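Notes to accompany the following structure.
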Amino acid sequence: MAGDASLTDEALVAAYRNGAQWAAGMLVERYAAKLGRFLYTRGAPEADLEDLTQEAFFKAFRSLEGWRGEATFRSWLYRIALNLGRDAWRKGRKRTQVTLEHEIPSTDGNPESLFEAQETGRRILRELGTLPRLQRDVFILRAQQGMNYAEIAQALNTTEGAARVHYHHALRRLKEAVA
Amino acid sequence: MKCDMKCDEARRLMHQADSNTALPEEVRVGHLPECPECAEEWALIRGVRGVRPQEMAVDVQAVARRVLLRLANARPDTARPTRRRMSRIVIWATAAAVAFGVGLSSLRSTSAPILPISTVSVLPELADLRQDELNQLLAILPAVDPLSQPLGAGLSDMTDDELQRLLRAMEG
């Protein structure tokens, strides 16, 4: 069954725990790029992204004994990455240039629309740096990573209700700043 | 187009949409043009999803290779956690039992104050040795002889290796 992309994270974790190394490889392939982008948006310097991503996966797999089944593997992984990244955020504040690409298919194929999205991205990135930590983390996990509030709560060690409130505060602030 | 979709449903679909799942048309051309609140939120979602490092900043295959290599090297520690923990517990329990037994037998066999083992367990044969012979003997003894340590208090400072040597020495 190695290489089956339809396997859930839970199934892959169970396989890894039973000694299947390929299952760990599949989880890395599933989340490494997304995690790297999250760390970057969160403020980590580009030069540190690969090391941070690697370390987060390594620690996540090594500490699977402490993984509670009720949390998803993804929220567990991001929680570890957030803890690892604290020092990296500080270094990342010196970052002067950001790279923006367009991931979501353009809604109308219009180059102006693409430019607007990129410009919005730059302003969002600037404004994210001014938000309180939880608002910033919740917003990125929700809007960029597509996590639901339950997963966000697990990743940030908070409640779903608090995550929802933080998201709406962040949304309001960003709307004001970007409008 | 008339929109019957509620904002909650539109938001759910906006957050679900990613590079593999485009935003459904009913949201894109139905809801968003009629709902400025959701349109603004969608602009922010698209904007933050467009933030990404340079293409090769994270080489997924390289990360996977290195993580697997590190896990493989670290595997012996994680693969037998219970066995390792159990052997440690057995060593400590045995050492504690031996220490307790030695202490108890010392109490029963003498009413004199208990002295450290190193001062009470001198073999009679050693008394006949000359100083240079004693020095030769000391030179060939291990650098750290667990038996020369007072039992009990010193046990907590001993490594697994030292405890095992102690047990071997006691067995004969």
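The values are calculated or read from the model by the stated rules, or taken from the named source; none is laboratory data. Keep in mind that this is a model prediction, so the values were computed, not measured. Every residue, glycine as well, gets a Cβ built from its backbone with ideal geometry; the counts of neighbours run over all protein chains shown. What goes into the accessible areas is simple: the full protein's heavy atoms, side chains included, and nothing from ligands, DNA or RNA. Shrake-Rupley method; radii C 1.70, N 1.55, O 1.52, S 1.80 Å.
For this structure, a couple of remarks:
- For the residues A:6, B:105, a 1.4 Å probe over the protein chains yields an accessible-area ranking, largest first, of A:6, B:105.
- Placing unit charges on the Cβ atoms of the charged side chains and taking the dipole of region A:7-93 about its Cα centre, the candidate lying farthest along the positive direction among A:63, A:25, A:45 is A:45.
- Using θ = phi - 60° and Karplus 6.51 cos²θ - 1.76 cosθ + 1.60, couplings along region A:52-65 (whole Hz; Gly, Pro as x): 5, 4, 4, 5, 4, 5, 4, 5, 4, 5, 5, 9, 4, 4
- Here the Karplus relation 6.51 cos²θ - 1.76 cosθ + 1.60, evaluated at θ = phi - 60°, turns the backbone of region A:39-48 into coupling constants of 4, 5, 5, 6, x, 6, x, 4, 5, 9 Hz, with x for every Gly and Pro.
- Shielding by partners, peptide B:34-47 (average Cβ within 10 angstrom, other chains): 6
- Accessible-area ranking of A:58, B:100, largest first, probe 1.4 Å: B:100, A:58
- Protein accessible surface hidden between B and A, which excludes ligands and nucleic acids, total in Å², probe 1.4 Å: 4600
- Calculated diffusion of region A:110-179, Stokes-Einstein form, Kirkwood radius summed over Cα pairs, 37 °C and 0.692 mPa s, µm²/s: 262
- Most tightly packed first, judged by the mean number of other beta-carbon atoms within 10 Å of their residues, the peptides B:59-72, A:126-139, A:8-21 read A:126-139, B:59-72, A:8-21.
- FRET efficiency for residue B:130 and residue B:94, using Cβ-Cβ distance with R0 set to 41 Å, rounded to 0.05: 0.60
- Were the residues from residue A:51 through residue A:17 laid out at 0.36 nm apart, the gain over their Cα-Cα distance would be 9.9 nm.
- Peptide-level mean, for A:31-43, of C-beta atoms on other protein chains within 10 Å: 4
- Average Cα contact separation per residue, region A:110-179, under 8 Å, 6 or more apart, as relative contact order %: 36
- Taking every protein chain into account, the 1.4 Å probe leaves residue A:72 with about 40 Å² of accessible area, to the nearest ten.
- In terms of overall dimensions, the C-alpha atoms belonging to region A:7-93 reach 41, 21, 17 Å along their principal axes, ordered largest to smallest.
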